[in-house]
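Each reported figure results from applying straightforward, stated rules to the coordinates on display, with no laboratory input. Because the structure is a prediction, the values reported are computed rather than measured. Reconstructed Cβ throughout: ideal geometry from the backbone, glycine too, with neighbour counts over all protein chains shown.
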Amino acid sequence: MDGPEIIVSFDPDLHVFVAAARRAEEGARVRTDGASSLGHVVESLGVPLTEVGSLTVDGRASEASHVPTADERIHVSPVTRPQPLPGPPRFLLDVHLGTLARRLRLLGVDAAYERLDIGDAALAAQSAREQRVILSRDRGLLHRRELWAGAYVYSHRPEEQLTDVLERFAPPLAPWTRCTACNGELRPATLDEVRPQLRPGTERSYDTFALCTACGRAYWRGAHQDGLNDIVADALRRADARAGGVQGSAQG
């Protein structure tokens with residue numbers, strides 16, 4: 001590029017996206033082309049705009065559309081938590097996040113999931129069409145202009161992924177109300193309705209059943225219940241703690 005130089009610094013929470021040479025607290029000099037927007041410059045340095053909460057230019061708040069000029073000092077901050085959305089959080093997860101999708105559904109969170117690799121363009125188009133937040137560890141996908149909203153999943157461990165998403169978006173939780181297989185809503189069911197799907201002996205051991213209104217899958221409290229209960233209890237405990245912290249801050 002043959003244009004003005006600017007000085008760009010990033011909050012430490014964004015360093016995962018930025019080359020080591022550009023992580024200095026005082027910032028790093030970056031040469032621009034003199035025509036690109038600040039948002040484009042930030043993305044060219046590796047940070048998806050989905051992860052940017054605010055931008056400042058010489059200490060003043062700025063929009064991503066600003067075109068930087070020589071010697072301006074830019075600071076890039078991460079999104080605030082919980083991150084506000086126009087409506088109730090609804091998610092779309094890429095092919096690599098199946099376990100996270102099932103755990104979100106277990107908590108009653110609307111989480112669509114693509115089992116096949118349908119490609120970044122199709123995922124971004126689905127995000128826009130259904131107004132869903134894409135969750136992905138694919139940075140390239142999060143750079144696509146057509147997606148409605150997105151968020152980078154920072155960890156590769158499902159339990160940490162779940163905590164991160166719940167803390168970032170604070171979706172309402174309604175455990176045991178969604179099908180973990182297809183994301184459909186569950187309804188109470190009688191023994192007669194679910195009997196064809198029961199394992200031998202199950203009807204003598206359990207008396208509470210549900211059916212998915214979308215795919216017809218039957219649910220009952222099985223031997224795996226303790227592990228699922230632990231996931232639900234931990235998520236509810238964290239949600240209560242967050243709600244208490246927000247209320248305390250507001251009163252303070």
Checklist entry - Quick one, what does Rg over Rh come out to for the range 23-144 if you take C-alpha atoms and the Kirkwood Rh? => result 1.04
Item to check | Cα→Cβ-extended label distance, 7 Å offset, between T190 and R139, nm | outcome: 5.8 nm
Checklist entry - Can you give me the pair-distance distribution of the chain, C-alpha pairs, 5 Å bins, whole percents? => result 1, 6, 11, 14, 15, 13, 12, 10, 6, 4, 3, 2, 2, 1, 0, 0
Checklist entry - Taking H as built 1.01 Å from N, whose amide H comes closer than 5 Å to the amide H of I134, not counting residues under 5 places away? => result L92, A149, G150, A151
Item to check | Three-way shape label, the range 184-227, alpha-carbon gyration tensor, a/c 1.5 | outcome: oblate
Item to check | Neighbourhood charge, 9 Å Cβ-Cβ cut-off, centred on D138 and excluding it, Lys, Arg +1 and Asp, Glu -1 | outcome: 0
Next on the checklist: Using the Cα centre of the chain as origin and beta-carbon charges of +1 (Lys, Arg) and -1 (Asp, Glu), tell me which of L236, C215, V67 is placed farthest towards the positive end of the dipole.
Outcome noted: C215
Item to check | Distance between modelled label sites at Y206 and D11, nm, 7 Å Cα→Cβ extension | outcome: 4.3 nm
Checklist entry - If one puts a single equal scatterer on every Cα of the range 67-109 and applies the Debye formula without solvent, what log₁₀ I(q)/I(0) results at q = 0.19, 0.30 Å⁻¹? => result -0.78, -1.08
Checklist entry - What's the extension gain from A28 to T80 if we count 0.36 nm per residue and subtract their Cα-Cα distance? => result 16.3 nm
Checklist entry - Given 20 °C and 1.002 mPa s, how large is the Stokes-Einstein diffusion coefficient of the range 5-78 in µm²/s, with Rh as the Kirkwood radius over Cα pairs? => result 180 µm²/s
Checklist outcome for this item: Summing -39500 (n - 2.57) over every DSSP H run of at least 4 residues in the chain and dividing by its residue count gives a helix-only mean residue ellipticity at 222 nm, to the nearest 500 deg cm²/dmol, of -9000 deg cm²/dmol
Checklist entry - Roughly how many nanometres apart are two label points built 7 Å out from the Cα toward the Cβ at R238 and T99? => result 1.4 nm
